[in-house]
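Notes follow the structure.
The values are calculated or read from the model by the stated rules, or taken from the named source; none is laboratory data. This one's a predicted model, so the numbers in the text were calculated from it and none came from an experiment. Note: ideal-geometry Cβ built from the backbone for every residue, glycine included; neighbour counts use all protein chains shown.
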Amino acid sequence: MKKSDLSEFAVEEEGFKLQIKRGSGQPQIITTAAPAATILQPAVAAQAPATESTPEPVAEEKGINYITSPMVGTFYRSPSPETPSFVEVNQAVQETSVICIIEAMKIMNEIQAEKTGTILEALVENGQAVEFGQRLFKIKTS
């Protein structure tokens, strides 16, 4: 990026987005992916045809969604131990709001909400290992 005098690079493909920005002397890498539920739901539905003996799935509360982890790594609510959390319970967020960091292979990945709404609950503790698709935050969408 320095050789080409680039300050920003982005690529998006099939539900995966990678954005790299250079500034303030240190590169910043942001990656996001489509939530696991979005990817897996059609395949699961195709495998299990509905029958009379199949129980109906429990209905989720209307307007309640979950922000899930787009990768495996370590979850952090703030950029450093001395700074406040990116988001707090009852805080409004936009799709582009950074809500946490997931460290993967020594790279700090800023995770965006990808939904507009209000954070209802943080479902993961600071410093906890998370899996791909694991629920991180409960959010009430508008």
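The table below gives the values:
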{"item": "Candidates Thr83, Thr74, Thr96, filtered to the one that is outside any strand (DSSP E or B), touching a strand residue (DSSP E or B) at 6+ places or on another chain (Cβ under 8 Å), among the polar types (S, T, N, Q) and modelled with pLDDT of 90 or more", "result": "Thr96"}
{"item": "Selection within region 112-142 - within 12 Å of the chain's Cα centre (by Cα) and part of a loop (DSSP other than H, G, I, E, B)", "result": "Ala113, Glu114, Lys115, Glu131, Phe132, Gly133, Gln134"}
{"item": "The one condition in (1) touching a Cys at 6+ places or on another chain (Cβ under 6 Å); (2) surrounded by fewer than 19 Cβ atoms within 10 Å (Cβ to Cβ); (3) not small (Gly, Ala, Ser) that Ile111 fails to fulfil", "result": "(2)"}
{"item": "Within region 1-25, considering residues that are loosely packed, with under 11 Cβ neighbours inside 10 Å and either in a strand (DSSP E or B) or touching a Pro at 6+ places or on another chain (Cβ under 9 Å) (or both), the one modelled with the lowest pLDDT", "result": "Gly23"}
{"item": "Boolean, Lys115 is modelled with pLDDT of 80 or more, more than 30 Å from Lys140 (Cβ to Cβ) and basic (Lys, Arg)", "result": "no"}
{"item": "Of all residues in region 72-88 being of a type outside the set (Ser, Thr, Tyr) and under 23 Å from Thr141 (Cα atoms), the one that is surrounded by the fewest Cβ atoms within 10 Å (Cβ to Cβ)", "result": "Glu88"}
{"item": "Gly63 being more than 19 Å from the chain's Cα centre (by Cα) and modelled with pLDDT of 50 or more", "result": "no"}
{"item": "Counted residues, region 89-99 - those being crowded, with 19+ Cβ neighbours inside 10 Å and at positive phi", "result": "0"}
